[in-house]
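One structure is given below, encoded as structure tokens.
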């Protein structure tokens, strides 16, 4: 049984009231949902809260899942909704402080790959939210273009465009970092 | 830098994120497992969409019959053959959109704003081609009457659409509100086409069509108020 049909089967069992299927879904999907929230520059504490809130909402609206349809777009559409509510509720100043305290750990004297990852963190943080979430869904959660389009209520073309723009920004930023860190000629 | 390198960096960055707390996951799993009860899934999309079409068309026809089908009697066969299929198509697309907005992760046939803009343009093109009386007698007074009648007609239509979609969950309440308002507005426009015998070009283009965006905007406002209130209730304290 492949991953998609497995999730579809578990969702169908969950709708029938199978507590084992509910627990299996939570164990299977929580790590990637948690990562989705963390990659959106939400603090660890808030990501934990959002994960619980997402499962609560999934439980409340589990009847809206249509059997046979892919589970991930349905799940991520609800997770986005929870995250948007969170942004509305969160106090801006407080979230900024927490971002500094708990966000990406950016080493000052990082070298090589570590420096690139740190730079990537900075660049991701600077991306528009709509581009960042598309990148996270595509590259971190491993969703297809069609699944991301469904989850974000947009077209496949729009998802491609957002991903392309995000990659352009990341490419330019990382190339700039390489140029800046490359050894220069002349007198030491 | 190649895309593959960025992909690898992204994966490494994701892997570097702290793992979710196992105790938290166990707690959520226990909580959901203990309250897992069988639920009745929503009907298929085609059934929801079909029910919405039926509600809107029947409401529009009933409203027009109550007020009198004067416009329908005055229309030529060409007018009917051009106007009602376009309205039917728009109602069908709006119904499919409403059904999609009520189910998370559903593919949308069009974006709500596209429906609003293209719907208005399509109707304006049809009316502009069919009606050539460019008089503007009692333009505002008659127009306000038609706009009001169309919006009043949209109220029961929107109540009907709400009833059909009451078990749905809109992840974007404003888009869903606009779609439902636009669908109800199309019921209002359909009623006006059957009822209103004023075929002056500008009257039909300005006042009949404006029911669609005004009703859509009102739907959005109602959805915003509803979402605001539910957030207020959900907030602690």
Listed residues B:98, B:118, B:146; largest mean-square fluctuation, Gaussian network over chain B with Cα springs below 10 Å, found at B:118
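Using only alpha-carbon positions, what ratio does the radius of gyration of the protein assembly as shown give when scaled by 2.2 N^0.38 Å?
Values: Rg = 26.1 Å, N = 425, 2.2 N^0.38 = 21.9 Å.
Dividing the Cα Rg of the protein assembly as shown by 2.2 N^0.38 Å gives 1.19.
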Which shape class applies to region B:99-155: rounded if a/c is under 1.5, otherwise prolate when a/b exceeds b/c and oblate if not, where a ≥ b ≥ c are the square roots of the Cα gyration tensor eigenvalues?
oblate
GNM on chain B, Cα springs under 10 Å; top mean-square fluctuation among B:27, B:219, B:50 goes to B:27
Tell me what chain B gives for mean residue ellipticity at 222 nm when only DSSP H runs of n ≥ 4 count, each as -39,500 (n - 2.57), the sum divided by the residue total, rounded to 500 deg cm²/dmol.
-24500 deg cm²/dmol
Each label sits 7 Å from Cα toward the beta-carbon; between residue B:136 and residue A:3 the label points are separated, in nm, by 6.2 nm
Highest-fluctuation residue, B:144, B:66, B:91 considered, GNM on chain B with Cα pairs under 10 Å
B:66
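Hey, what did chain B get for relative contact order, percent, Cα under 8 Å, at least 6 apart? Present the calculation step by step, with values, prior to reporting the outcome.
Working: 292 pairs, mean separation 63.9, N = 237.
The value is 27 percent.
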Roughly how far apart, in whole Å, are the Cα centres of region B:174-207 and region B:79-150?
6 Å
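Read the figures in this text as sums done on the coordinates, not as results from a lab. Values in this document were obtained by computation on a predicted structure and should not be read as measured data. Cβ: placed from backbone, ideal geometry, glycine included. Neighbour counts: every protein chain shown.
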